[in-house]
Structure formats: C-alpha cells, structure tokens
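The values are calculated or read from the model by the stated rules, or taken from the named source; none is laboratory data. Computed from a prediction, not measured in an experiment: that's the story for all the values here. All Cβ positions, glycine included, derive from the backbone under ideal geometry; neighbour counts span all protein chains shown.
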Amino acid sequence: MRRVHVSALGIALMALASAPSMAEDKDVVAYRRHLRITLNEQSGALGMILSGSIPDSDPVAHLEAIALTASYATKAFKLQVPGGEARPEIWTQWADFSKRMDDFARKTAGLAKTVREKGPQGVNVLDALTCKACHDIYRDETKR
Ligand code: HEC
C-alpha cells in the first residue's frame with residue numbers, strides 16, 4: 001500500500017516538473033468558474049452588509065475582493081477557451097468584452113476607495129456591479 005502511494009506521488013511530481021506551459025482547457029474553464037463563484041459570494045456578503053443585516057462590518061474589504069477578482073478575469077478569458085457558460089461572442093467581440101471586464105474591475109476598485117474614504121452613505125454600489133448587463137450578452141445560463 002505504502003509503496004503504491006509513494007510512486008503515485010512520484011508520478012505526480014514528475015508530471016508537475018514536466019508540465020507544459022499550456023493549461024488544460026478543462027482547467028481554464030474550472031479556474032474561470034472559481035473566479036465567478038468568488039464574485040457571487042463576495043457580492044452576496046456585500047449586499048448583506050449594505051442592507052444593514054450584518055452590523056459593524058466592512059464593505060470595503062468585499063469591494064476590494066470583487067475588484068481584485070475581476071482584475072484576474074480578463075486574463076482568464078484571454079486564453080480563449082470555450083466552455084462553461086461562456087458565449088463565443090466573448091472572443092468575437094473581444095474589444096467590447098474585455099473593456100466591460102476592465103471597467104468593472106476599475107469601477108469596483110474606485111468604489112472601494114470612495115467608501116474607504118467617505119463611508120457608504122450616498123454611494124451607489126449597484127451602479128458599479130454591472131454583472132447583469134454583461135451576463136445578458138456574454139453568459140449563456142442554459143449551458144450548465
Ligand atoms: C464583463 C462581463 C461580466 C461581468 C461584469 C460579470 N460577469 Fe459573471 N459571468 C460572465 C461570463 C462570460 C460568464 C460565463 C463564464 C464561464 O462559464 O466561463 C459568467 C458567469 C458567472 C457565474 C456562473 C458561474 C458558474 O459557472 O456557475 C456567476 C455566479 C457570475 N458570473 C457572477 C457574477 C457576479 C456576481 C458579477 C458581478 C458582481 C459578475 N458575474 C460580473 C461575465 C461577467
């Protein structure tokens with residue numbers, strides 16, 4: 001038993017050492033999904049804080065997490081791997097898609113800064129969360 005375990009680890013390490021720089025398609029799709037689920041959870045947490053359900057908590061941390069996650073997303077889609085709920089228009093209209101994603105990252109980062117400096121009063125957070133506008137064009141929810 002033990003020997004089997006050790007050799008399996010050996011193979012795994014060898015595979016790591018010789019891993020080509022190209023990512024596997026299924027890994028790229030899975031990676032994208034991790035980013036999006038993060039966005040979803042962070043938005044949910046942010047919504048609870050802004051609605052006042054969670055007192056004495058920090059909306060800035062969640063806004064920063066959203067901005068950071070969004071900033072990785074453009075790169076992940078740049079690999080041009082179809083799959084998941086991604087519509088092909090992401091790549092045929094790359095200039096528009098990547099601009100939306102970059103704007104999303106920039107707006108949420110800007111909002112985090114404003115809220116950190118001035119507090120959440122009078123700030124329209126929903127204005128920066130352009131999730132739906134982008135999903136309507138580039139996400140196919142029927143492909144699950
Ligand atoms: C600029 C475009 C864009 C923005 C902005 C965006 N998304 Fe998405 N989202 C996508 C695309 C494209 C997919 C499908 C990608 C895929 O499956 O690889 C997706 C998929 C998802 C999924 C499905 C993940 C899964 O596989 O189950 C969730 C959840 C999600 N987004 C949440 C959000 C939330 C929450 C926000 C805003 C806070 C957001 N997204 C903002 C483009 C965007």
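In the range 32-63, the residue that is modelled with the lowest pLDDT out of those that are among the small types (Gly, Ala, Ser) and farther than 15 Å from residue 104 by Cβ is 57.
Scanning the range 46-71 for residues that are of a type in the set (Gly, Ala, Ser), more than 20 Å from residue 99 (Cα to Cα) and more than 11 Å from the ligand (Cβ to nearest atom) yields 51, 52, 53, 57, 61. Of all residues in the range 72-91, at least one satisfies being at pLDDT 95 or above, touching a Pro at 6+ places or on another chain (Cβ under 9 Å) and near the ligand (Cβ under 8 Å from one of its atoms).
Going through (1) buried (at least 16 other Cβ atoms within 10 Å of the Cβ); (2) closer than 20 Å to residue 142 by Cα one by one, residue 43 falls short only on (2). Residue count for the range 92-130 under the criterion of being touching a residue at least 60 places away in the same chain (Cβ under 8 Å) and either more than 9 Å from the ligand (Cβ to nearest atom) or surrounded by fewer than 17 Cβ atoms within 10 Å (Cβ to Cβ) (or both): the result is 2.
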